[in-house]
Amino acid sequence: MPTVSLPLTDPGFVRDPYPLLAELRAQTPVFYDPGMNRLVLTRHEDISAVLRSRRLGRSALHRYSRDELGWPPPDPRQATFDAFNSNHLLDSEPPKHTRLRSLVQLAFTPRRVEALAERIEAILEAQVHDLGQRDTFDLVADYAEPLPVTVIAELLGVPGSERHQLRPWSASIVKLYEPSSSAADQAEAEQAVVDFSALLRDLAAQRRAQPQDDLITALVQAEEHGDRLTEQELVDTCILLLNAGHEASVNGLSGGVLALLRQRHHWDALVAAAHAEDSLAIFRRAIEELLRFDTPLPMFERIVLDPLVIGGAALQPGDRVSLLYASGNRDPEKFTAPDELDLGRDPNPHLTFGLGIHYCLGAPLARLELALSLRALCRTLPKLRLANPEEPGHYTGGFVIRGLARLDVQPG
């Protein structure tokens, strides 16, 4: 089995991983990364097969003990973080996953998501108008970041006085998904889960006593065949919705706008379509392509549950497999001219929201936020341009949750 060490913290790779990913996909599509101690897949077909296979999952501890898997004991310094991971949808497997998803779907309905559209547009209208009065602004901090936090907070029912804490908590928690996380990151993530959990327990207790029209109330009341979410499951579901929805939306929008402004004709085409009768459909399709072209969450993992062979490598229960979504989304075997931005691409079977039973529950909300956010920019700031075209974007330090830390733009 070929061995390759991915430069996950190299600034050049984080800024533009696609040339190396194309080389690996063509020459070494399956390889072992000794630093991560796992098999890595680069091709769309292989990644899709793993995502749909029940011989791999997001967890293995529902079937095996740590001793059986050869895993070290859990780190007591992140006990609360690990408990959070073991209770939410993303890292659970059937039958627990089936039960949790069924209950959460009773509350997190398409109707509830679509009902947010009018409120999202009102938030965006005020936000974009204010930004248009400035000479320069940071698209990430001033536009992409505030909306998802506000929407998730309103969806859940988090009071305005508490919302300022949500973004820092999310940023601290997701750091532990990077292979290069430090002891300081670990301590921050642990405290963020503790603090966020305490707030959510208080809110859940209030909603039991005085129900309101929000998602926490709906999750408290969700019941199927006499079964309900436990308090811990409810808390961990809400934390997951914040983390997953926030990171995908912020990184997807800022990366997408950067791609459009680098290829001005695409931006101008969307500006021309922004007031069309079917504009939302046009922007929804554009968002799908932007999520494919520059994947906001480039790498996920699965854990082997049953012995199997992938790419000639014999894997045993507990082995980990990394799936390079960012590479699969540029696979020429699946997409025509994959390195080109095609806002009308159809079909567009990108991997950004996953596949199989772990397909992203929040995908409809992320898609709605992204389409409305991009349309609002095009309608209100049609002459938007990069403030520093030679060095437009500054990326965060990690690849697993890859995104722009800053993107300076000028309204016109």
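Per residue, the average separation of C-alpha pairs within less than 8 Å and at least 6 apart gives the chain a relative contact order of 27 percent. Taken as Cα centroids, the stretch 172-240 and the stretch 248-307 sit 28 Å apart, rounded to the nearest whole angstrom. Taking trypsin sites (Lys or Arg not before Pro) in DSSP loop states with no more than 12 other Cβ atoms inside 10 Å as exposed sites, the chain has its longest site-free stretch at 135-382. The Cα atoms of the stretch 166-299 give a gyration tensor whose axes a ≥ b ≥ c have a/c of 1.5 or more with a/b no greater than b/c, which makes the shape oblate. At q = 0.06, 0.09, 0.12 Å⁻¹, work out log10 I(q)/I(0) for the chain with the Debye formula, treating every Cα as an identical point scatterer and leaving solvent out; two decimals please. The calculated log intensity ratios at q = 0.06, 0.09, 0.12 Å⁻¹ are -0.24, -0.55, -1.02. Between Leu20 and Gln210, the C-beta separation translates, for a Förster distance of 45 Å, into a calculated FRET efficiency of about 0.25.
With contacts taken as Cα pairs under 8 Å and at least 6 residues apart, the stretch 189-308 reaches a relative contact order of 21 percent. Please say if the stretch 1-128 is rounded, prolate or oblate, where rounded means a/c under 1.5 for a ≥ b ≥ c the square roots of the C-alpha gyration tensor eigenvalues, and otherwise the choice is prolate for a/b larger than b/c and oblate otherwise? It comes out oblate by the Cα gyration axes.
Loop-located GluC sites (Glu not before Pro) across the stretch 224-289 with a Cβ neighbour count of 15 or fewer within 10 Å are Glu277, with loop assigned by DSSP.
For the stretch 100-147, the gyration tensor built on C-alpha atoms gives an oblate shape. Its axis ratio a/c (a ≥ b ≥ c) is at least 1.5, and a/b is not larger than b/c. Membrane-span-like helices in the chain, defined here as complete DSSP H runs extending at least 20 Å along the helix axis by their C-alpha atoms with mean Kyte-Doolittle hydropathy no lower than -0.5, are 117-131, 183-209, 231-262, 279-293, 363-380; this is a sequence and geometry rule, not a statement about a membrane. Take the stretch 117-250 with all the other protein chains still there, run a 1.4 Å probe, and you get 42 Å² of accessible area per residue. With the convex hull drawn around the C-alpha atoms of the stretch 20-60, the volume per residue stands at 82 Å³. Taking the 1.4 Å solvent-accessible surface of the chain as the whole, the part contributed by carbon and sulfur is 51%. Looking at the stretch 281-397, the accessible area is 37 square angstrom per residue; that uses a 1.4 Å probe and ignores ligands, DNA and RNA.
The values are calculated or read from the model by the stated rules, or taken from the named source; none is laboratory data. For clarity, every value in this text was computed on a predicted model and none was experimentally measured. Cβ coordinates were reconstructed from backbone atoms using ideal geometry, including for glycine residues, and neighbour counts include every protein chain displayed. Surface accessibility is based on the protein's heavy atoms, side chains included, excluding ligands, DNA and RNA. Shrake-Rupley method; radii C 1.70, N 1.55, O 1.52, S 1.80 Å.
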